[in-house]
Amino acid sequence: IKIKNYPFSVKGILLICLCYITFILPNATEVINFKRTDSVEREDITSQEANDRLVLKAIQDALKEQLHKRGVRILTGLGKYLQQLDKEGTGLLAKADFKQALKAFHLEVSENDFEPAWQILNGNDSGKVDYGEFKRAIIGEMNEYRKSFVRKVFMKLDFNKTGCVPIIDIRKCYCAKKHPQVISGHSTEEEIKLSFLETLKDACSKSDEVSYGEFEDYYEGLSIGIVNDEDFVNILRTPWGI
């Protein structure tokens with residue numbers, strides 16, 4: 001395009017147009033194509049995440065009935081058992097370890113369900129998976145509302161802010177006076193307190209103290225059998241006075 005005979009203002013506009021056609025438009029096309037590619041990739045990831053959730057939800061539903069009446073005992077015991085299998089203290093375990101743990105606690109997960117779940121969790125093909133993540137994936141976990149009250153109780157108990165609470169302090173703070181079985185006369189306060197402490201100790205790697213993770217495991221197991229959030233919160237409020 002010859003622009004030398006045009007007035008300055010017109011020449012300026014033409015130059016701008018030429019620059020746009022020559023430099024900006026191709027780059028804009030590349031950006032659009034990149035965004036389209038990125039959008040497709042994100043859609044694929046979102047679709048994959050949705051499929052992964054369905055796989056894990058199927059296992060959680062299958063285990064829910066098995067856990068309904070013995071959730072506390074299993075959750076506290078399973079956490080401790082997995083920790084004992086972790087000889088190296090890395091927080092990671094192999095497929096065979098998880099299968100052994102499920103079998104030890106009579107939790108039935110079919111091979112057709114286990115394998116897809118393992119592939120999801122072992123995304124980096126390292127052959128080992130974080131056992132906390134594994135437990136949350138196959139069993140599920142409390143919602144954040146419930147967890148916030150569990151944390152509130154533990155913070156009240158953890159006077160020194162160390163992340164661990166001595167069993168002796170838990171015994172002092174736990175009040176069974178308003179427990180339904182005490183009110184009905186079927187159990188004494190001391191019996192309820194001892195039962196609680198005995199079950200809680202099952203989760204502990206040390207006999208004289210409880211970590212936050214172990215404390216949460218206890219209430220994670222309790223949570224499984226309680227549908228209503230406020231019912232669960234009241235179970236925390238009553239003995240701990242929060």
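The table below gives the values:
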| read-out | value |
| --- | --- |
| Total residues in the stretch 175-184, condition surrounded by fewer than 18 Cβ atoms within 10 Å (Cβ to Cβ) and in contact (Cβ under 8 Å) with a residue 12 or more places away in the chain | 3 |
| Single residue of 146, 136 found to be surrounded by 14 or more Cβ atoms within 10 Å (Cβ to Cβ) and free of Cβ contacts under 8 Å to residues at least 24 places away in the same chain | 136 |
| One residue from 52, 61 being more than 30 Å from residue 239 (Cα to Cα) and either open to solvent by 90 Å² or more (accessible area, probe 1.4 Å) or without any contact (Cβ under 8 Å) to a residue 24 or more places away in the chain (or both) | 61 |
| Check on residue 190, more than 27 Å from the chain's Cα centre (by Cα), outside any loop (DSSP other than H, G, I, E, B) and either surrounded by fewer than 16 Cβ atoms within 10 Å (Cβ to Cβ) or free of Cβ contacts under 8 Å to residues at least 40 places away in the same chain (or both) | yes |
| In the stretch 214-230, residue farthest from residue 73 (Cα to Cα) [restricted to those that are part of a helix (DSSP H, G or I) and open to solvent by 40 Å² or more (accessible area, probe 1.4 Å)] | 230 |
| Filter result (at pLDDT below 90 and either in contact with an Asp or Glu (Cβ under 7 Å, 6 or more places away or on another chain) or of a type outside the set (Gly, Ala, Ser) (or both)) within the stretch 220-234 | 220, 222, 224, 226, 227 |
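Conditions (1) modelled with pLDDT of 85 or more; (2) exposed (fewer than 13 other Cβ atoms within 10 Å of the Cβ); (3) more than 27 Å from the chain's Cα centre (by Cα), marked per residue:
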| residue | (1), (2), (3) |
| --- | --- |
| 108 | yes, yes, no |
| 112 | yes, yes, no |
| 131 | yes, no, no |
| 165 | yes, no, no |
| 169 | yes, no, yes |
| 194 | yes, no, yes |
| 203 | no, no, no |
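The values are calculated or read from the model by the stated rules, or taken from the named source; none is laboratory data. Treat the numbers as computed from the prediction; the structure is a model and nothing was measured. Every residue, glycine among them, receives a Cβ derived from its backbone with ideal geometry; neighbour counts consider all protein chains shown. Ligands, DNA and RNA are stripped out before the accessible areas are found, and what is left, the full protein with its side chains, is counted by its heavy atoms. Shrake-Rupley method; radii C 1.70, N 1.55, O 1.52, S 1.80 Å.
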